[in-house]
Each structure stands twice: as C-alpha cells, then as structure tokens.
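Engineer: I have a structure here, written as structure tokens, and I will follow up with some questions on it.
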Amino acid sequence: MKKPGFSALLVLTAMASMSDAHAAEKARDRPELFRNLLDCRGIADDGQRLACYDRSVGAMEDAEKKKDLVVVDRKEIRETKKSLFGFSLPKLSLFGSGDEKEEKADEVQEIESTVVSVRPTKGGDWALRLANDAGTWETGGALTVPPRAGDKVKIRKASLGSYLGSVGISRGIRFRRVE
C-alpha cells in the first residue's frame with residue numbers, strides 16, 4: 001500500500017482544522033430562545049412586535065423556571081471563578097465572553113481568605129479549610145509557625161500550574177487545592 005504524501009497530509013490537516021473551527025463557531029451560537037427574542041426587533045408592526053416580545057420573554061421565563069436556561073451576570077461569573085480557583089478545569093466557554101482580553105482581565109490570579117480550620121496531614125503538612133467558599137488547601141513544605149484558625153491566607157498562581165502564598169507569618173508556602 002502506498003503511503004500518503006506530504007500534500008495528502010496537508011489536506012487532511014487543513015480539513016481537521018476547519019472542522020475544529022466550525023465546531024468552535026457552532027458552540028458560540030446564541031441560544032435559540034435568545035435569538036428568537038432578538039428577531040422580534042425586526043418586526044415593523046408594533047402589535048406583532050409586542051406579541052413576539054411577549055411570546056419570547058414568556059418562553060425564556062418558562063425555560064428559566066425549568067432550569068433549562070440560566071441567567072448570570074458578570075459579578076456572579078467572577079464569584080464562581082474565584083470559588084473554583086485552584087482546581088484544574090477544562091477550558092469551557094461557559095464563563096467566557098469570547099473576548100480574550102476581557103477574559104484575561106477577569107481571570108483570578110490570587111485569593112485572600114482566613115483559615116477556618118486546620119488539620120495535620122501525612123508527611124507533616126497541613127490541610128487548611130478557608131472561609132468564603134475558598135475551599136480546602138494543603139500546604140507543601142515546612143511552615144515557620146503551624147497555622148491556626150483565624151490566620152490570614154494569600155494564595156497566588158505560580159508557574160507550571162502551581163500555587164504559592166502565605167499563611168500567618170509563614171511565606172513562600174506551596175499550596176495544592178484538595179476540595
């Protein structure tokens with residue numbers, strides 16, 4: 001059997017990238033309920049346009065009640081991103097606006113919280129449950145002073161998916177989100 005040449009591989013690669021681009025474009029389409037609402041603007045007759053708006057808004061309200069539609073504002077998205085800080089999650093357009101600069105500006109780079117409870121882990125490290133839905137984090141490496149409930153914690157993104165921060169008076173601590 002003859003092996004495919006460079007041009008055949010190039011064509012296959014181009015086709016694969018086009019299908020990926022088409023799938024990504026399809027994923028960014030507006031939901032049908034929202035499109036229907038926006039389409040009402042194009043109706044010239046005032047009575048028909050109002051009827052269209054009433055139908056569309058009613059359909060959106062029904063979908064929200066059935067949990068088929070969820071409406072969130074930017075503040076809620078930021079709070080959700082903050083509560084998920086430290087988890088490795090797949091790239092989802094769920095919380096994205098499509099604008100890379102805007103998404104980069106909204107990206108959570110660090111959190112500040114307070115220790116709610118502390119427990120030792122195997123190997124001499126500590127598990128810290130933090131306030132404000134900031135989760136549970138384990139320390140890595142020696143701490144100058146054992147952490148206590150009420151200590152202030154600051155955790156920031158570091159290189160290669162790691163997290164560094166401080167707890168109490170201890171600085172330069174490695175952290176890993178566990179819950």
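Engineer: Any residue in region 80-92 that is part of a loop (DSSP other than H, G, I, E, B), modelled with pLDDT under 80, closer than 30 Å to residue 169 by Cβ and of a type in the set (Gly, Ala, Ser)?
Structural biologist: yes
Engineer: Within region 128-172, count every residue that is of a type in the set (A, V, I, L, M, F, W, C), crowded, with 17+ Cβ neighbours inside 10 Å and modelled with pLDDT of 85 or more.
Structural biologist: Qualifying residue count, region 128-172: 7.
The values are calculated or read from the model by the stated rules, or taken from the named source; none is laboratory data. Bear in mind that the values here come from a model prediction, so they are computed numbers and not experimental data. Note that we place each Cβ from the backbone using ideal geometry, even for glycine, and neighbour counts take in every protein chain shown.
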